[in-house]
């Protein structure tokens, strides 16, 4: 166990991810990330079960990688996984030629059957290309995607998931942690933890089926942040 947090008349414990938690973790992704994440709403993943199934493949791949160092949050009283931070060690891709596709491009082209999932992956590809963090810092990085069930939101669970992710990065002797913050809650966590914003862009610049992501979430001023924290 990595640590504990007292919330909502229960105790939340933070644990390294294990395959025995897989179905519960995917359930958290279905109930929280797919329903409330800005880019999921923007691509109407929240309304498309088949699109969700496409993206479950992305989660499955991340959780089954050898360099997976993800963390789960478990409600001790209910014996229930209520949050997850899918952490994957990123290593610089040394391309053999300029035509080599990125991981996200390969996943989109080979695993995504729905336009919804392809739209979300296109956002990921574009956001990933906005800044070359490896070129800027010349190091490995750790990517966090904290997701917490809505009924447990606002209790500090997402913040603790990120704190423990940073601790893992320190234990692995990394010098930088990176994150893609796409909503006000995650951006608030980033600010509290001292992340620096490397790049910021409006969701008005991304669209699906004739509507921008900003229009779908009804927030014309919402931006996403590519952020990093030196450790």
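The values are calculated or read from the model by the stated rules, or taken from the named source; none is laboratory data. Just so we're clear, the structure is a prediction, and the values are computed from it rather than from any experiment. Cβ placement follows ideal geometry from the backbone for every residue including glycine, while neighbour counts extend to all protein chains displayed.
Apart from one condition, residue 153 fits all of (1) modelled with pLDDT under 90; (2) exposed (fewer than 15 other Cβ atoms within 10 Å of the Cβ); the exception is (2).
Within the set 133, 125, the sole residue that is surrounded by 15 or more Cβ atoms within 10 Å (Cβ to Cβ), modelled with pLDDT of 90 or more and closer than 18 Å to residue 226 by Cβ turns out to be 125.
Of all the helices (runs of 4 or more DSSP H) wholly in region 99-207, which have at least 2 residues that are touching a helix residue (DSSP H, G or I) at 6+ places or on another chain (Cβ under 8 Å)? Can you show your working first?
Details: elements: 103-111, 115-129, 133-137, 157-171, 184-192.
Counting at least 2 such residues, we get 103-111, 115-129, 157-171, 184-192.
Considering region 176-196, and only residues there that are touching a strand residue (DSSP E or B) at 6+ places or on another chain (Cβ under 8 Å) and exposed (fewer than 15 other Cβ atoms within 10 Å of the Cβ), the residue that is farthest from residue 42 (Cα to Cα) turns out to be 194.
Per-residue answers, yes or no, for (1) at pLDDT below 90; (2) within 18 Å of residue 181 (Cβ to Cβ); (3) surrounded by fewer than 17 Cβ atoms within 10 Å (Cβ to Cβ):
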{"site": "73", "(1), (2), (3)": "no, no, no"}
{"site": "89", "(1), (2), (3)": "yes, no, no"}
{"site": "94", "(1), (2), (3)": "yes, no, yes"}
{"site": "110", "(1), (2), (3)": "no, no, yes"}
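Taken over region 40-78, the criterion of being closer than 20 Å to residue 162 by Cα and touching a helix residue (DSSP H, G or I) at 6+ places or on another chain (Cβ under 7 Å) is satisfied by 59, 63, 68, 69, 70, 71, 72, 73.
Tell me, which residue of region 1-46 that is part of a loop (DSSP other than H, G, I, E, B) and surrounded by fewer than 18 Cβ atoms within 10 Å (Cβ to Cβ) is nearest to the chain's Cα centre (by Cα)? Restricting to residues being part of a loop (DSSP other than H, G, I, E, B) and surrounded by fewer than 18 Cβ atoms within 10 Å (Cβ to Cβ), the top hit is 18.
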